[in-house]
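For reference, the structure is listed below as structure tokens.
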Amino acid sequence: MKAMRLHKINEFTLDDKVKPIPTGDEILLKISACGICGSDIPRVYQLGTKVYPVTLGHEFSGIVSEVGDRKNEGLLGKTAVAFPLIPCMKCENCKTGHYAECIAYQYLGSRNDGGFAQYCLVPSKWNLVFSQNPQVKSEMLALTEPLTVAQHAIRKAKLTAGESLVIVGAGPIGIMAARWAQIFGARKVILLEISDEKISFAKQRGLQVLNVKDEKLAQNISSLTNGRGVDVVIEGTGTTGGLNTAIELSRTFGRIVLLGNPQKDTMLALKNHSSILRKELQLLGIWNSYYMSMPLNEWEYTVHMLDTGRLEGDDLITHQSSLSDLKHLFDQIYHKEISVCKAIYNAKLDGDELMEGKTVQ
């Protein structure tokens, strides 16, 4: 089979690899689509991974191709998305169902081979969430992971119907969070963004977006919330500006969800530090998503909402690639030659070179 493997920083190649044979509880998934996460770009060009070589890609959907145990033969041919986290199931966090906080986890697409390949070996059916609607596109199912992270942010904020929400950052996660907020019944959902292109993109999808550079931003937010201020702010940029803006816009007793991954030190203005105290603000960090069945498996709910058509995501896909063209797409994104919302590998685009067994590097 073919797989996009990272051998070291900036050595990301399309390789021949022996197709895995599942044993025991293992399941072999034939990949249909796999999204490029914002974290994948620095992995290739700057940060690397903990093991080499490794097949990247953790946002993927596929079809069950082979099973290791005959008891799972009923799963053959079924469409599923993969929960990429492989918890140890021994630490305190795992025992309480908080798998994202596992202290000894493995992960498909960074520490274990992932979805930028023709096939991926999944530890067991526990890691799969099955779609019940054959009409749902595989590329939309591949967005389940970021959609669920966005859902998790809304849940951690304890957003309730009638409340106002501001999301700092109108990238894919920001737009996804806005859609979840509408489903959850928010009275007002406002996105903040600095990029004119992203502002236009989000507006074209029916969302209210304000330019964070606008000197009247605070005044406009106050007007839109009838002078009350914002109940919940989701900070999706991981930047100094984003955090300070979130604090400034929050009403007294408001909640701020820290969603964006910081890339460097975050500096807090003195007046805003004081505001956290005076307003008694709640700052909530989130990481990944929640996969335990009690009280609710967020992954299963995302797939259910995609299956029923109540949640959309494929209109956020701006770029698609075959495996053989994937490195070029990565290069374009890294060098900012193109502007993407969501970019994905789509197996439907694979050409004859994969079928014929040619190696492309």
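Close Cβ contacts (under 8 Å, 6 or more residues apart or on different chains) running from residues in the range 302-316 that are in contact (Cβ under 8 Å) with a residue 24 or more places away in the chain and of a type in the set (Gly, Ala, Ser) to residues that are surrounded by fewer than 16 Cβ atoms within 10 Å (Cβ to Cβ) and assigned to a helix (DSSP H, G or I) are absent.
Which residue out of LEU165, LEU192, LEU210 is under 21 Å from TYR290 (Cβ atoms) and either outside any loop (DSSP other than H, G, I, E, B) or in contact (Cβ under 8 Å) with a residue 60 or more places away in the chain (or both)?
On the way: LEU192 fails: under 21 Å from TYR290 (Cβ atoms); LEU210 fails: under 21 Å from TYR290 (Cβ atoms).
Just a single option satisfies the conditions, and that option is LEU165.
Suppose the filter is touching a residue at least 60 places away in the same chain (Cβ under 8 Å), hydroxyl-bearing (Ser, Thr, Tyr) and out of contact with any Cys (no Cβ under 8 Å at 6 or more places or on another chain); does TYR45 pass it? Judged against the criteria, TYR45 is a match. Scanning the range 23-41 for residues that are within 19 Å of VAL64 (Cα to Cα) and either small (Gly, Ala, Ser) or open to solvent by less than 10 Å² (accessible area, probe 1.4 Å) (or both) turns up GLY24, ILE27, LEU28, LEU29, ILE31, SER32, ALA33, CYS34, GLY35.
I need the strands (runs of 3 or more DSSP E) fully contained in the range 248-361, keeping only those with at least 2 residues that are under 21 Å from the mean Cα position of the chain (by Cα) and buried (at least 19 other Cβ atoms within 10 Å of the Cβ). Don't jump to the end; show me each part of the working.
On the way: elements: 250-258, 282-285, 317-321, 342-346.
Output list reads 250-258, 317-321, 342-346.
When GLN46 is tested against (1) over 21 Å from the mean Cα position of the chain (by Cα); (2) more than 26 Å from SER293 (Cβ to Cβ); (3) outside any strand (DSSP E or B), just one condition goes unmet, and that condition is (1).
Of the candidates ALA181, ALA186, ALA177, the single residue that is open to solvent by less than 50 Å² (accessible area, probe 1.4 Å), part of a loop (DSSP other than H, G, I, E, B) and modelled with pLDDT of 95 or more is ALA186.
Kindly check whether there is at least one residue in the range 248-261 that is out of contact with any helix residue (DSSP H, G or I) (no Cβ under 7 Å at 6 or more places or on another chain), closer than 16 Å to VAL168 by Cβ and acidic (Asp, Glu). The answer is no; no qualifying residue exists.
For the range 226-244, a tally of residues being touching a strand residue (DSSP E or B) at 6+ places or on another chain (Cβ under 9 Å), part of a helix (DSSP H, G or I) and open to solvent by 20 Å² or more (accessible area, probe 1.4 Å) returns 2.
The values are calculated or read from the model by the stated rules, or taken from the named source; none is laboratory data. Quick caveat, the model's predicted, so the values are computed rather than measured. In this analysis, Cβ positions are derived from the backbone assuming ideal geometry, glycine residues included, and neighbour counts consider all displayed protein chains. Accessible surface areas use protein heavy atoms only, side chains included; no ligands, DNA or RNA. Shrake-Rupley method; radii C 1.70, N 1.55, O 1.52, S 1.80 Å.
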